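S.K.: One structure coming up, written as structure tokens, with questions to follow.
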Amino acid sequence: MLTRIDHIGIACFDLDKTVKFYCDTYGFEVFHSEVNEEQGVREAMLKINDTGDGGASYLQLLEPTREDSTVAKWLAKNGEGVHHIAFGTADVDGDAAAIKDKGVRVLYQEPRIGSMGSRITFLHPKDCGGVLTELVTSAATRH
């Protein structure tokens, strides 16, 4: 089932400023950055370490690119901070189905494309102790 903490998503108003903070303060480096038009975010992935299953653990910094994005709405309500936690899995489809069978709402009927070509889905925070939870199968794990 779940093999690691894939990343912690952190919502921010100014991606460049937040990246600078994490790099200057903790010595992290940007591993990957992209704009995800579907989700309405600009993001930077800061690699923390490699894992034994072909994946890695990251901090994902997220800045909304439009006001109607989920992250923009979350920022307006909550301000900057931890947005979600993501767990890595070799089989996002199978694990999402197994978790759904336990009564947890899965937010996407079919997994979507996430950062770095990964496949992702989210679990409803009201079913996960108030924590928005993401399941991720990294592109490296899929190949």
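S.K.: Using a basic spin-label model with each label point 7 Å from the Cα along Cα→Cβ, how many nm lie between residue 78 and residue 140?
M.R.: The modelled label-to-label distance comes out at 2.7 nm.
S.K.: What value, in deg cm²/dmol to 500, does the helix sum -39500 (n - 2.57) over DSSP H runs of n ≥ 4 give at 222 nm once divided by the residues of the chain?
M.R.: Mean residue ellipticity, 222 nm, calculated: -7000 deg cm²/dmol.
S.K.: Arrange the residues 32, 83 by how much accessible surface each exposes, largest first, with a 1.4 angstrom probe.
M.R.: From most accessible down to least: 32, 83.
S.K.: Sorted by accessible area (1.4 Å probe), largest first, how do 116, 45, 1 line up?
M.R.: Result of the area sort, largest leading: 1, 116, 45.
S.K.: Moving on to the next point. With θ taken as phi - 60° and the coefficients 6.51, -1.76 and 1.60, list the Karplus ³J(HN,Hα) couplings across segment 86-97 in order, rounded to whole Hz; mark glycine and proline as x.
M.R.: Values per residue, Gly and Pro as x: 10, 9, x, 8, 6, 9, 4, 5, x, 5, 4, 5 Hz.
S.K.: Just to check I understand the Karplus step: with θ = phi - 60° and J = 6.51 cos²θ - 1.76 cosθ + 1.60, what whole-Hz values come out for segment 50-64, glycine and proline as x?
M.R.: The phi angles translate into 7, 10, x, 9, x, x, 8, 10, 9, 9, 10, 9, 10, 10, x Hz.
S.K.: Quantify, in whole percent, the carbon and sulfur part of the accessible surface of the chain (1.4 Å probe; protein heavy atoms only).
M.R.: It is 52 percent, rounded to a whole number.
S.K.: Using a probe radius of 1.4 Å on heavy atoms only, what accessible surface per residue do you get for the chain? Whole Å² is fine.
M.R.: Value for the chain: 54 Å² per residue.
S.K.: Going Cα to Cα from residue 126, which lysines come in below 23 Å? Please leave out same-chain ones fewer than 8 positions away.
M.R.: 73, 77, 100, 102
The values are calculated or read from the model by the stated rules, or taken from the named source; none is laboratory data. Model, not experiment: these values are computed from the prediction. For neighbour counting, all protein chains shown are included, and Cβ atoms are generated from backbone atoms with ideal geometry for every residue, glycine included. For the accessible areas, the whole protein counts, side chains as well, though only heavy atoms, and no ligand, DNA or RNA atoms are used. Shrake-Rupley method; radii C 1.70, N 1.55, O 1.52, S 1.80 Å.
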